[in-house]
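Asks: Dropping a structure here in structure tokens format, bear with me for questions.
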């Protein structure tokens, strides 16, 4: 039987917190006995029991799992240092088996090529290596020396009025940032991420929709005040002044230590595993988790296509993640179209898709509103961030200057700053 699977299960017995964080499902193990052992572990956890040899002795069919001697043998294979590598190996072996399986079924049932490719793609999406640190992404563009920034006290939003209302992002709290498409959600999130990074936190960015290259490009544009359109061909389109600024912008962004994970359809378990990995890599920094966006997160079950149950599960899991890692979690959400049909276009709680559980589980709910989004003639180009729910403080709103061409966000008094 696979040594990797023995080491995996042994590590789970040795450090049961890993069971919550692992992306591996029982059915992804090859050995029938190992599948069964992992299912028992999950059952024990759900029943509020520890996963240790003593708990296993209470199982009526212990012998069919190999008895105490086999479980003790598993424990001897435990290797916590190499756990991430073991996980990856098991995932890779599972993918190979699944691919062979799909190709066999496809041959027997004479599948169309498009269907075969679609099924193979699904397997490839189960991955853990979609991580790009922004530091790495930027050094691909331009190598530059940098200095450590001064660290501030809390994970600031970088918006003075918003910090006054919310006190910044609090540990263990979930903030939902919701708006209609193209209202500026991603730009606001990237602003929050930069600001918390400069304040000495470790921003972990789970981008389920936008690829890393586009995020990096947006961060450079908003930080340097460059028009996003020019980022397509900086050599030809940036003027001399902007080119001289380029290396400073990249140096400043390197200091944020933003980490980007851009795999589509990531599950909360995957995000937890990656967060845990980053905490080990940056032991002196507290993470701030950003997720773009809620309904793109994979749930652990299909729920027969019931999106309300899926959102409920994800919403609860976000809160558990914030508590377990004792860090802020900021998750973006789309608003449904009902906003558009009202005379007053300012968002309300009921505009969040499947809003019930989100409204209940989130500690802070922020809405974005721009008059210029609905009225092209208006001279008002500010963006309003509405604090619609604040479990531990007042509600209110903050007005910021928003440049939709560069994605830059500033406090209103900073109008003339460049």
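The values are calculated or read from the model by the stated rules, or taken from the named source; none is laboratory data. The model shown is predicted, which means the values in this text are computed figures rather than measured ones. As a convention, Cβ positions derive from the backbone with ideal geometry for all residues, glycine included, and neighbour counts pool all protein chains shown.
Asks: Taking residue 363 and the conditions (1) without any contact (Cβ under 8 Å) to a residue 60 or more places away in the chain; (2) in contact with a strand residue (DSSP E or B) (Cβ under 7 Å, 6 or more places away or on another chain), which numbered condition does it fall short on, given that it satisfies the others?
Replies: (1)
Asks: Where residues in the stretch 281-303 are part of a helix (DSSP H, G or I) and out of contact with any helix residue (DSSP H, G or I) (no Cβ under 9 Å at 6 or more places or on another chain), which of them is modelled with the lowest pLDDT?
Replies: 281
Asks: Considering only residues that are touching a residue at least 40 places away in the same chain (Cβ under 8 Å) and either touching a helix residue (DSSP H, G or I) at 6+ places or on another chain (Cβ under 6 Å) or surrounded by fewer than 21 Cβ atoms within 10 Å (Cβ to Cβ) (or both), which ones fall in the stretch 398-410? Walk me through it before giving the result.
Replies: We begin by selecting, within the stretch 398-410, every residue touching a residue at least 40 places away in the same chain (Cβ under 8 Å); these are 398-400, 402-409.
Of everything in the stretch 398-410, those that are touching a residue at least 40 places away in the same chain (Cβ under 8 Å) and either touching a helix residue (DSSP H, G or I) at 6+ places or on another chain (Cβ under 6 Å) or surrounded by fewer than 21 Cβ atoms within 10 Å (Cβ to Cβ) (or both) turn out to be 398, 399, 403, 404, 405, 406, 407, 408, 409.
Asks: Looking at residue 326 and the list (1) touching a residue at least 60 places away in the same chain (Cβ under 8 Å); (2) out of contact with any helix residue (DSSP H, G or I) (no Cβ under 7 Å at 6 or more places or on another chain); (3) at negative phi, which single condition is not satisfied?
Replies: If we test residue 326 against (1) touching a residue at least 60 places away in the same chain (Cβ under 8 Å); (2) out of contact with any helix residue (DSSP H, G or I) (no Cβ under 7 Å at 6 or more places or on another chain); (3) at negative phi, just (3) comes out false.
Asks: So which of 321, 348 is surrounded by fewer than 17 Cβ atoms within 10 Å (Cβ to Cβ) and touching a strand residue (DSSP E or B) at 6+ places or on another chain (Cβ under 8 Å)?
Replies: Exactly one residue qualifies, and that residue is 348.
Asks: So, one more: List the number of the failed condition for residue 316; all other conditions in (1) under 14 Å from the mean Cα position of the chain (by Cα); (2) touching a residue at least 40 places away in the same chain (Cβ under 8 Å); (3) over 20 Å from residue 223 (Cβ atoms) hold.
Replies: So the condition that residue 316 fails would be (1).
Asks: Mind listing whichever residues of the stretch 304-337 are within 22 Å of residue 188 (Cβ to Cβ) and not in a strand (DSSP E or B)? Steps first, please.
Replies: Let us first name the residues in the stretch 304-337 that are within 22 Å of residue 188 (Cβ to Cβ), namely 311, 314-315, 318-319, 321-322, 327-337.
Matches in the stretch 304-337: 311, 314, 315, 318, 319, 321, 322, 327, 328, 336, 337.
Asks: Hey, can you tell me all the residues within the stretch 7-36 that are touching a helix residue (DSSP H, G or I) at 6+ places or on another chain (Cβ under 8 Å) and either under 15 Å from residue 70 (Cβ atoms) or outside the structural domain of residue 76 (by TED's automatic domain parsing) (or both)?
Replies: 7, 8, 9, 10, 12, 13, 29, 31, 33, 34, 35, 36
Asks: Among the residues of the stretch 25-41, what is the count of those that are assigned to a loop (DSSP other than H, G, I, E, B) and crowded, with 21+ Cβ neighbours inside 10 Å? Please lay out each step first, then the result.
Replies: At the first step, the residues of the stretch 25-41 found to be assigned to a loop (DSSP other than H, G, I, E, B) are 25, 29-31.
Then drop every residue that is not crowded, with 21+ Cβ neighbours inside 10 Å, which leaves 29.
Residues that pass the stated criteria total 1.
Asks: Scan the stretch 372-389 residue by residue and report those that are under 27 Å from residue 295 (Cα atoms) and either modelled with pLDDT under 85 or not assigned by TED's automatic domain parsing to the domain that holds residue 348 (or both).
Replies: Within the stretch 372-389, 372, 373, 374 meet the criteria.
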